[in-house]
Structure formats: structure tokens, C-alpha cells
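Take a look at the structure set out below.
Quick note: the coordinates plus some simple rules give every number you see, no bench work behind them. Keep in mind it's a predicted model, so treat the numbers as computed, not measured. Neighbour counts run over all protein chains shown; Cβ positions are idealised from the backbone, glycine included.
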Amino acid sequence: MNSILSRHAECIFWLARQVERSNSTARILDINETFSRNARGEHDWESVLRLYGDEKIFRDTGRRPTADAVIHFYILDDKNPNSVLSSIGMARENARALRPLISTEMWVQLNSFHNHLRGLRKADLRIENLNRLCSYIKESCQTHSGITAETLYRDESWYFHQIGRAIERADQTTRLVDVKYQVLLPQPSDVGSPIDEAQWNTLLRSAAGFHAFRRNYPQTMSPSTVVGFLVLDRRFPRSVAASVLVANEHLHELRLKYGHTARRSTSNLLRRLAATLAEEAADDLIARGLHDALDGIQVELGAVTDALGREFFLLSETDDAPQPESSDGQRSPAG
Amino acid sequence: MTSWKPTGLLEDYEPGGFYCELFGAAKMPAPHTRTVRERIDGLSLAELRRRAQAAEHELFNLGVTFTVYTDREQIDRILPFDVIPRVLAAAEWETIERGVVQRVTALNRFIEDIYHEQRILRDGIVPADLVLGNANFRPQMTGLKVPFGNYVNICGVDIVRGGDGRFYVLEDNARTPSGVSYVVENRHLTQRAFPDLMRNIGVRSVSNYGQRLVGQLTELAAGIGNGPSVVLLSPGVYNSAYFEHVFLAREMGVPLVEGRDLVVRDDRVFMKTTGGLARVDVIYRRIDDDFLDPEAFNPASMLGVRGLMRAYRAGNVVLANAVGTGISDDKAVYAYVPRIIRYYLDEEAILPNVETHICREREGLEYTLQHLEELVVKPVGESGGYGILIGPHAGRNALAEFRRRLRATPANYISQPVVQLSVCPTVTRSGIEPRHVDLRPFAVTGRSTWVLPGGLTRVALRKGSLVVNSSQGGGSKDTWVLE
């Protein structure tokens, strides 16, 4: 069985992440719009900047964190590397590098998606159009996943795509939950108030998990049940735990099928994270400080990405092949 | 043949005295295009435009584009596609095919001779300084054997049709000719947008190009082990022909690699994969000689692979095209190709050159000086910098200046009459009008030479223009070779 180029493995890993990131950005902007509208008149768009750690680069734009400015910053600002336009632009560039591997349909969809984003006007970003725009972005990202599932040849590129998407989704879900905590619980007294419940409700809907949650918890809607659901429930496909498991399973299968047995550090990290999440209880997470706990997961996911890069992307080192020079090869146009 | 007169879309079409690819000329009708003519004539302009627009939109979404980079952003442009096809009769194609095979064969014999015995130079057929002093002459190739002695494995020959209805070679492209992806994509587009136009006509297929190409390239590595590994080496996504590299890699089913994906160990070439280093046997390279290996050529090249020439010289990897083929497609050498064909093959050129006067030869110089107002004067080799003189458009001072230069350094120039390129009906803002076209067939050579039936028809979209280059307002057409 032929292996794929290391560069291509890295490109498709990042391609999947960039699309998933845009999917999540659209979800976060969408719920934040809902929250800021409901939260007693205060339109707190800075919370989105905080949750991505973008306060400083936003300040450098010289704009005040109004709804318009923040929405523009996260959707159309080509100087913000995490804006949807930038992410999909990079995904498209990666797709261009991957054209020999991916299906034409995958390429055409990303290319059209990117062309559409480039054609957006200011009016399309106005708050009254935001929900529609976020839906468009979300659906386009899901279309990418669907076309990929239906058309991508199941060689190594499929596994790297799935691993990338799962890691990004795990990371993004931690941020989605975090936004709730930063925005919704300014004071402990807000807990349990009617407005609070409506907002937890919105959070679950934005992750497309409301009905599944209700089926599991018909009676209650507490921070602990919602956090438990979004972070720890292995049956909810957007949860952190489920995503970590998906990444782990695909990595495992990749090793089995393609004989990547020499180094296992990535698998060790992923298995450890999966085990921690399996043993964790939502109440303990909250008691220890949810924000820090979520931060910790993000750091772990970063370590997984680094290990993956060392193992598969930077150089191809195996015992039975000559060692390549350590000095050649620029990095790919990836992350 | 009963004479047929258009009564619809083509009623007012007037080729303006040029040979027309669809209507022929007064004394040379083109009976083979009758069905196509009738069908186009039956369409409305609005319908044609609607389908053309849909086709261009599809090209854009498919990313069949070349990329122009500016400081601020990248702009993807499609090569404008004109929906009215250019149609070649079976007999016409047969001549072109034989002519291209003959030409490629002779060029390969020439290159082999130059890097070995240099008989043709000693026999005084081609001036030695023209070849050995050429910037594209690669001394590194001296004495190196290449598979079947075939250096030019992929060749594009630029052909024009004159007012007499005959085909002439304008230029050879023996280094890294591009454009074949458009040949195939244009066909796919026509099949989707104009199934009614093509029905039951019997157009020869172009869709197996990738398969033929990889077959021929594999043949080149016959000695290197079993199931040779072929790759396509591209400068990367920033190259304007990147789409074509992707297209070809996909059609061939081989990895598309960049220089940074390859590494040379013990004079062997490997690519870096997730599973370790994997051996590479044949490289279809779309990078110029200069950038191929910083160790052997331009030391500043970031695109190439250090040590590649060592591996090549050791016989551990095949490069297609071989290094050093640029000596055969130079403007100065072009003038000698009919003699090169005679020298090696003892045949007359099936496809003549455009009449060319070699100014380093006394007769050529005298003729050029006497007819300067009617001729195009071109600098040869790397001696350029003075540009081209187009006699009919030049002022008195420019003509005088060129006379002086021609007398001072005649060896730097060749001259040709202005070729009246044939025209083809083309969709324009003001309806269907004649526009000038050329033709670039593609020949693939492993053990033997195969020519893709058709080729790239480039069309000068500006009224009256003879310049078909995509950088200067050129577009392309689907090219039909009839069965």
C-alpha cells in the first residue's frame, strides 16, 4: 500500500481543521448574537474576542468592539487569520495543493464557497442578516464533510482528514462551552434564572444538541447537565469526549492499516486525554473551575497536534529508509 | 456537393479574405464541416451566449484557471473559452500527425548528436556557435545516454494555417510545453454544453492523454526495476500552470510533488511520505533546467532538488523531458529544422517551416534588407533585447535602424513574411466574427511517438489581432479531429 506525501498529509489535516473552525466560528457568532440580544441590553461582543484570545490583534485594528466590528473581524477580515474568509481561503489553498488526491467535487465546493465569501458585502453582515449568513457558512462546512464522506478515497488522506476535523471540533466545543460561561455567568446569582435557562437552551441548539439533550435529561437544565453533555457525553458527536475518541480511533486504524508503528507518542497523548474525559464528572469540572479545565483540554489538544506533526508531517523517518536531511523542506502552507 | 448558404446565425459571417477553418476559402471549400456549420447556423445568438456563459462559469468553479498574483491578492482567471469548435478533416490531421512525428524524431536525433558526436556541426549543416554558444546548451549532458535516445518526450509544435490553406510550423516547444489540460477540459465542456452540436459527428477522443502519457513515461524506465514509480514535479501552487500540473497528475494517477518533497540519497531519488522515503524512478518535471538542481544549475533555486543531476547522470532516475532540450527549440535553430530533418532522416519536411531567411547567410541577409517593409525580423537565441521588427507597421526610422543592425550583426537575426493566420467564427460582442487561430498539437514520445488527435487551438480574441497568447487577450477553442 502506497503512503501519501507527508506534505499532503499535513495539508489535509489542516484543511479539515480550517473548515471545522469556520463551522464553529459561525455557530459561536450566531449564539453570541442571540445572547447579546437577550442579555438585558448589554451587547457584549468582547467575550468572543476573549474566548479566542484575540483581544490584542483586534485592538490593533483600531476599531471598537461593536457588533459590526467583531462580526466583520471574524467573518470577512482577511487580516485576521482565524476569520471565516481567511480559514476557507487557507482551506482552499490546501485543497489546491491536494487536488491530485481529493475529488473534483470536494475542490469545486470549496472553491465556490470561497468565491461566495469573497463576494460578500457589508450589508450581508448586518446583524439582521447574521443568522442567515451563519447558517450558510455552517451548511457549506457540512456540505464539505458530506462530499468528503461520499467521495474521498479511503487512503491515508481520509484518516488525516478525520483526525484533523475531530481535533478541531474538540477544541472548538471547549470554546463554545466557555463562551457560555463567560457571557452567561457574570454573577453566581444568575444561575437558574429564566433568562439563564433560555440561554443554555440556545447554546445546546447552536451545537445542534438540544433534542438529544432533552431526551437524556427531560426534567433538568443545569450547568452540570449541559456541561456534562457538551464536554463528556460520548454519544453526542460534537462533544469533546466523542471528538477525542474519533481522533483516537482513526489514528489507531491508520496505524493498523498502514503500518505506522514506529512512534506512538500521538496515540499515547490521545488515549490519555480520552481516559481523563471518560473518568471526569461534570460537577467536578465546574467545581475546579470550568474555564481552567477547558483551557487545559485545549493545551492537550495542542500537544496532540505537535506530536502528530513530528510523527507524520515534518520528515519521514523510518528505520529501514535512509534518513533525510533535517535542514530541507519549508513548512507547508498549512496552519 | 450542393452549395450551402447559411440563413441563420452565420448568415452575415464574412471571413475577410483569410482561410476560414469552418468555411474554407473560395477555391477550397471545407465539406467536412458542413454538418457542424448547419447546426451552428441553426442556433440563436442568445442561446449560444447563454451556453457560453454557463460554460465559463463552470470553468471558474472547477478552478480551470491560471492565477495572477498581485501585491494584494490573487486573481484567478480562466482562459477564455470560445464555444464554436475548430474542426479538422481526417486527411488534414493525418498530415499534421505525420509531420509532427517526423519533426520530433528529427529533433531527438539532433539533440542526441549534439551531446555525443556532433556530426551535424562538423558537417557544417548547423553553425556550431549557434548550438554550443546557446544558453540552453547543457555541457552536463555530454555523453549521457537517455532511454531510446529520446530527449524530447513531450513536445508541443505551434502550427498555423496560411492563406493557401496549408499548415506551417511556427515554433517548436521542446522544453516544458503547456496547454494540454485545456485540450481535454475544453472537450469535456463542449460535451456538457453542446451535446446537440457533437451528436453523431464522430470526433476523435482526447480523454486518454493521461493514460498514454503515463504509459510512455513508464516505458522510459523499463530498465530501472519493476513497476517504476512515476511522479510529476511542479514548482507548486504559485506557478501559473499549476492547474495543468494537477490535471496531469490526476489523469496519470501519479503523485504531484514539489522539490521539497524529494530528496537524493546515494544518487537515488526519494519522496518523503508518511511511511518513510519512497523511491522515485521517473520524473515528469514541469520545472525548467535552470531550477532543477541548485547543485548543478542556478544555486539560488528553491524549487529544485539538490543532487538530482548526480542521480540523473548515474542513471538512477529518468527525467522527462531530458535536460538540455532547449537547444532544439531555439528560434535560430528553428530555421535549420528542415535541413535537420533532411540530414538525419533523408526526408523533406512534411510540415514546412514558415518561409524563413537566415540573416547570417548572405542570400538571407540580402533578401531581408531588400524586403524589410514586408517582413518580420526576429532576434535569435539569447542575443535579443532589440525586440522584433514588424516591417509593415514600422516607421521609417525604425526600418533604418534595423538595416544598420542587420548589417552590423546579421547572425543575430532571422526574418519571415507576416503570416496570414487562418480564422474561425468566434462569438464576440458584435455577433459572430472571424478571429485568427493557431494550433498546438502535443506529441508524447517513449519508445515511439504518439500525437494526441487535436491539440490546443488558441484564438486571438481582439479583432484583427494575430497574437493568440493568453497573456495578450488570447482564448481557446475545442479542436475536433473527425474520424
Dipole check, chain B, charges on Cβ (K,R +1; D,E -1), about Cα centroid: among B:HIS57, B:HIS116, B:GLY99 the Cα furthest to the positive pole belongs to B:HIS57
Quick one: check the C-alpha center-to-center distance for the range B:1-48 versus the range A:122-153, whole angstrom.
-> 48
Among all the lysines, which ones have a C-alpha under 24 Å from B:LYS331's C-alpha, if same-chain residues fewer than 8 places away are not counted?
-> B:LYS378
Determine the dipole magnitude for the range A:215-313: charges of +1 sit on the beta-carbon of Lys and Arg, -1 on that of Asp and Glu, nothing else is charged, the reference point is the Cα centre, and the result goes in debye to the nearest 20.
-> 460
Can you give the helix-only mean residue ellipticity at 222 nm for the protein assembly as shown, where every DSSP H stretch with n ≥ 4 adds -39500 (n - 2.57) and the sum goes over all residues, rounded to the nearest 500 deg cm²/dmol?
-> -14000 deg cm²/dmol
Overall dimensions of the protein assembly as shown by Cα: Rg and Dmax, Å = 31.8, 103
Suppose R0 equals 22 Å; then what is the FRET efficiency for A:ARG63 and A:ALA198 from their Cβ-Cβ distance, rounded to the nearest 0.05?
-> 0.15
Between the range A:191-261 and the range A:51-121, the alpha-carbon center distance in angstrom | 26
Stretch B:THR142-B:HIS371 to full length: gain in nm at 0.36 nm per residue minus the Cα-Cα span?
-> 78.3 nm
Quick one: if you stick a label point 7 Å off each Cα along the C-beta vector at B:ASP12 and B:HIS116, how many nm between them?
-> 6.2
With charges set only on the Cβ (+1 for Lys and Arg, -1 for Asp and Glu), what does the dipole of chain A come to about its Cα centre, in debye to the nearest 20?
-> 740
Net charge over other residues, Cβ less than 13 angstrom from the Cβ of B:LEU389 (K, R count +1; D, E count -1) = +2
With label points set 7 Å from each Cα along the Cα-to-Cβ direction at B:MET302 and A:TYR153, the distance between them in nm comes to 3.0
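Pick out, in residue order, every one of the trypsin sites (Lys or Arg not before Pro) in the range A:114-187 that is DSSP loop and has at most 16 other C-beta atoms within 10 Å; say none if there are none.
On the way: sites: A:ARG118, A:ARG121, A:LYS122, A:ARG126, A:ARG132, A:LYS138, A:ARG154, A:ARG165, A:ARG169, A:ARG175, A:LYS180; in loops: A:ARG121, A:ARG126, A:ARG154.
Within the range A:114-187, the qualifying trypsin sites (Lys or Arg not before Pro) (loop, at most 16 other Cβ atoms within 10 Å) are A:ARG121, A:ARG126, A:ARG154.
Within a 10 angstrom radius of each residue's Cβ in B:169-175, how many Cβ atoms of other chains show up on average? Whole number is fine.
Partner Cβ neighbours, averaged per residue: 0.
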Given R₀ = 60 Å, FRET efficiency for B:GLN191-A:ALA287 by Cβ-Cβ distance, to 0.05?
-> 0.35
Total charge of the residues flanking A:SER24 in space, meaning their Cβ is under 13 Å from its Cβ, with Lys and Arg +1 and Asp and Glu -1, is +3
For chain A, the helices passing both cut-offs (Cα extent along own axis of 15 Å or more, Kyte-Doolittle mean at least 0.5, full DSSP H runs) are A:290-308
Stokes-Einstein D for the range B:357-417 (4 °C, 1.567 mPa s, Kirkwood Rh from Cα pairs), in µm²/s, comes to 118
Based on Cα positions only, what radius of gyration and what Dmax would you give for the range A:6-313, in angstroms?
-> 19.2, 58
Using the Karplus curve 6.51 cos²θ - 1.76 cosθ + 1.60 with θ = phi - 60°, work out ³J(HN,Hα) for each residue of the range A:46-57 in order, rounded to whole Hz, and write x for Gly and Pro.
-> 5, 4, 5, 4, 5, 5, 9, x, 9, 4, 5, 5
If a/c stays under 1.5 just call it rounded; otherwise compare a/b with b/c (prolate if a/b is bigger, oblate if not). Do that for chain B, with a ≥ b ≥ c from the square roots of the Cα gyration tensor eigenvalues.
-> oblate
Separation in nanometres of the label points that stand 7 Å from Cα toward Cβ, at A:ARG121 and A:THR261 = 6.2
For B:SER240 and B:ILE75 in one chain, what is 0.36 nm times their gap in residues minus the Cα-Cα distance, to one decimal in nm?
-> 58.3 nm
Rounded if a/c under 1.5, otherwise prolate or oblate - the range B:230-308, Cα gyration tensor axes | oblate
Any residue on another chain or 5+ positions along whose placed amide H is under 5 Å from the amide H of B:VAL305 is listed here as B:ASP293
